[in-house]
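Please treat every number below as a calculation from the coordinates, not as lab data. Source: prediction; values computed, not measured. For neighbour counting, all protein chains shown are included, and Cβ atoms are generated from backbone atoms with ideal geometry for every residue, glycine included.
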Amino acid sequence: MPHTELMVGNKAVAYGVKLARVQVISAYPITPQTTIVQYIAEFIANGEMKARFIEVESELSAMVAVQGASFAGARTFTATSGPGLFFMHHPMMEGADLPVVMGVVHRSNKSMQPDHTDLMAQRDNGWIQLYCENNQEALDTAIMSYKIAEDPRLSTPTTFGIDGYILSYTAEPVEIPDQEVVDDWLPLFKPKWVPDVNVPLAEWKKYQGRMYGSQKAWIDHDTKFRSSLGVIKEVHRDFEKVFGRGYGNGLIEEHNCDGAEAVIVAMGTIASTARVVVDDMRAEGNKIGLVKLKCYRPFPADEFRSLAEKYHAIGVIDRNVSLGGGGNVFNETRSAIYDMEKRPRILGFHTGMAGEEVTPQMIRRIAEKTLKAVKEPIGPAVEWVGGA
Amino acid sequence: MSKPTPLQRVEGEEIMALGNSSCQGCGHATLARIAFKVLGKNTVYTSVPGCIWIALHDSLPLYWKGTVFEGGGALISGIVNGLEINGKEMNVVGFYGDGGTADIGLQAMSAAAERNENVLWICADNEAYMNTGGQRSGLTPIYASTTTTPVAKESRGKKSNKKNIPFIMAAHNIPYVATASIAYPNDLIGKLEYAKKLRGFKYIHVQSPCPTGWGFEPARTIKVARLMVESGMWPLYEVTEGANFRLTYKPRELKPVREALSLQGRFRHLDDSEYEYIQGRAVDKWRQLLDVDGKKLPI
């Protein structure tokens, strides 16, 4: 029977990795990620997990090492935070075919506290990016990530993020699924090609080179990567059926949106606070709902277009900034709906940067401004909330 | 310790295909042919950017993986662990140049050696970034003219000495460290065969003269390589079990360095005092090595 334990987010991630029967782990210490791999090292040391831990000298080497192990046919995991993730950027641009899974514990570049600029700086790498709201979702997403990454139609690197401190070091009750159920749902990794003296090399070389060397390689890569949206939804649906828990449709989740005129969009832990605010405001008669964005890459543009058909204003909360360019989710939301005949108003809000607390009052202000935009043009369309 | 072995005595088939896109007289091509014949088909080899990747990749029908320039040590670590956890035994080889070994690759290599990963590292040392047009590296010898240390009014070529990577690797106390030269194939083959049988991190550093970058006739590659050894500028030795030092080739008398250097365009500008410096250093280093020959290094 699944059982429930009180655990911090980093431990939930470590449990997910253990349940997924990962074979090779490589990581380098960095706050607030470090304890994930400490928990994993303990699992290995006490025999609970049969895996190799490559204790590398840097994050860059951690990334390259798991790519090498994945190439060799092993199921792999690495984890890091903010600056460590920036250091991985170079090898993350490689390995388009390797189903490596990485946990990111968000850390800002301007403090050790979280914002999403670390993972969003890896936006264009061809890694699937999933964001988590709580510790249960962290464990579940870790398991789902392997099924997504290793799907034979994709074989694509996948990463999932949890907010540093807010989740990494905060205990919540987490249900740990049974190992047998996970084993049944997530069979051992069977890659298409592994180094083997008996395998015809010519075919393998052709397969290896197919996403390199030309513009066509970029087109093929982009096409394959975009197709992962369907796979994510499918894997999520399947997960929900077996484990009895779900997160919207795997890409976005609409919360209390029935009859809403406007919605706010939030990611990670901000979505948790926003649920409470939206529920309160609904009780007061305001027609506001919440959309949680779980999958940022590939960007679920179709989902946003269907939101745009239903709601008259969308307020996007960005816990990130593309300096000189605005909020990443705000920009992509506007871009996704541009071709629609009837477009809702899109407002953008930067908040929670460098780990600043995002209070219910702040979210309420965002929701109220978004609601107001249903009726009248409102300016400025983008503002920073908090941080004074 | 290793035992010199001629190529005819190596069993198994030639791995390297006929024809490759290296420059005429490329030492790396000779090295690759020898090395992979010794290692055999049950081998995964890896590349980082450089001459080997560009010129030889397509003529080596083996499982292969490339990675970022700085990642060689981490890549082979990942591959060998990934194979072993699935019960597979294969030779995992890093076949990298001097930059991917001694400069940008040093950190990850040192860490992999410190962990004593079960891999073989072959450094094909042509003493500069030849693939990008011959810029100096940490393994370029002093006074060599390169495209980033050109000889001109204010410059006499590279300002500093070649980094002693084999000794740095020996200081990691790994099972095997050796130097080799493509001009001494029997010595090289013996070292490769010995390394192949050991578990843990094996490091073989092979000097591989580059006609294009060093400035000599492509027909003279082996001659240049031999003179570098015979003049004491590239001594052949091995360090086994983490400390036991042994010279594997001892010329009765060292040839003058001028004989080797005067064949190379990169040293065309040397004056007498510069020759004297290089000569003095070669003799001094050679004496130091003779002193420790057959003994344990204090590392």
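Structure summary
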read-out: All aspartates and glutamates inside 19 Å of B:LYS296 as judged from Cα atoms, apart from same-chain residues fewer than 8 positions distant; value: B:GLU238, B:GLU241
read-out: q = 0.09 Å⁻¹, the protein assembly as shown: log10 I(q)/I(0) [Debye, one scatterer per Cα]; value: -0.81
read-out: Crossing angle, helix A:135-149 versus chain A [Cα axis fit, 0-90 degrees, rounded to tens]; value: 60
read-out: Pairwise label distance in nanometres, A:ASP302 with B:THR147, each label 7 Å out on the Cα-Cβ vector; value: 4.9
read-out: Spin-label proximity, A:GLU5 to the range A:188-220 - amide N less than 16 Å from point 7 Å beyond Cα toward beta carbon; value: none
read-out: GNM top mover of A:LEU307, A:LEU98, A:LEU201 - chain A, alpha-carbon springs below 10 Å; value: A:LEU201
read-out: Leading residue at positive end of dipole, the range A:252-384 (Cβ point charges), from A:VAL263, A:GLY352, A:GLY325; value: A:GLY325
read-out: Cα Rg over Rh - the range A:252-384, Kirkwood; value: 0.92
read-out: Gyration tensor over alpha-carbon atoms, the range B:7-292, equivalent ellipsoid semi-axes in Å; value: 30, 20, 18
read-out: Set of aspartates and glutamates with alpha-carbon distance to B:LYS223 below 15 Å, sequence-local pairs under 8 removed; value: B:GLU259
read-out: Angle in degrees between helix A:215-226 and the longest Cα principal axis of chain A, rounded to the nearest 10; value: 70
read-out: Net lengthening on full extension, A:LYS192/A:GLU341 (0.36 nm per residue, minus Cα-Cα); value: 49.2 nm
read-out: Signed unit charges on C-beta, dipole axis of the range B:7-292, positive-most listed residue B:TRP121, B:TRP64, B:THR146; value: B:THR146
read-out: B:THR149 long-range amide H proximity, modeled H, under 5 Å; value: B:ARG136
read-out: Helix-only CD estimate at 222 nm, as mean residue ellipticity for the protein assembly as shown, using -39500 (n - 2.57) per DSSP H run (n ≥ 4); value: -11000 deg cm²/dmol
read-out: Computed over the range B:169-222, Cα set: Rg, Dmax in Å; value: 13.8, 40
read-out: Cα-projected label distance for A:GLN215 with A:MET93, points at 7 Å along beta-carbon direction, nm; value: 2.0
read-out: Residues of type lysines that B:LYS196 reaches as a straight line, Cα spacing below 16 Å, ignoring anything fewer than 8 places off in the same chain; value: B:LYS3, B:LYS37, B:LYS41, B:LYS88
read-out: Cross-link table A:LYS110/A:LYS224; A:LYS216/A:LYS241; A:LYS294/B:LYS65; A:LYS216/B:LYS65, entries beyond 28 Å C-alpha to C-alpha; value: A:LYS110/A:LYS224; A:LYS216/A:LYS241; A:LYS294/B:LYS65
read-out: Test item: A:75-81 mean partner chain Cβ contacts at 10 Å; value: 1
read-out: Of A:LYS310/A:LYS369; A:LYS18/A:LYS147; A:LYS205/B:LYS202, those spanning more than 20 Å from alpha-carbon to alpha-carbon; value: A:LYS205/B:LYS202
read-out: Prolate/oblate/rounded call for the range A:1-110, Cα gyration tensor, a/c under 1.5 rounded; value: oblate
read-out: Among B:LEU83, B:LEU75, B:LEU120: highest mean-square fluctuation, GNM of chain B, C-alpha pairs under 10 Å; value: B:LEU83
read-out: Residue list for the range B:191-220, given a label point 7 angstrom along the Cα-to-Cβ vector of B:HIS269 and an amide N cut-off under 19 Å; value: B:212-216
read-out: Max mean-square fluctuation residue, GNM over chain B, Cα-Cα springs under 10 Å, options B:GLY134, B:GLY78, B:GLY40; value: B:GLY78
read-out: Rg over Rh, two decimals, chain A (C-alpha only, Kirkwood Rh); value: 0.97
read-out: Debye-sum result for the range B:143-289 in log10 I(q)/I(0), which assumes one identical scatterer on each alpha carbon, at q = 0.14 Å⁻¹; value: -0.72
read-out: Angle in degrees between helix B:185-197 and the longest Cα principal axis of chain B, rounded to the nearest 10; value: 30
read-out: Of every Cα-Cα pair in the range A:87-178, the percent that sits beyond 19 Å; value: 43
read-out: Whether the range A:1-61 is rounded, prolate or oblate, judged on the alpha carbon gyration tensor where a/c under 1.5 counts as rounded; value: oblate
read-out: Ellipsoid equivalent to the range B:216-299 - semi-axes via the Cα gyration tensor, in Å; value: 27, 15, 10
read-out: Calculated P(r) tail over 26 Å for the range B:1-158, as whole % of Cα pairs; value: 32
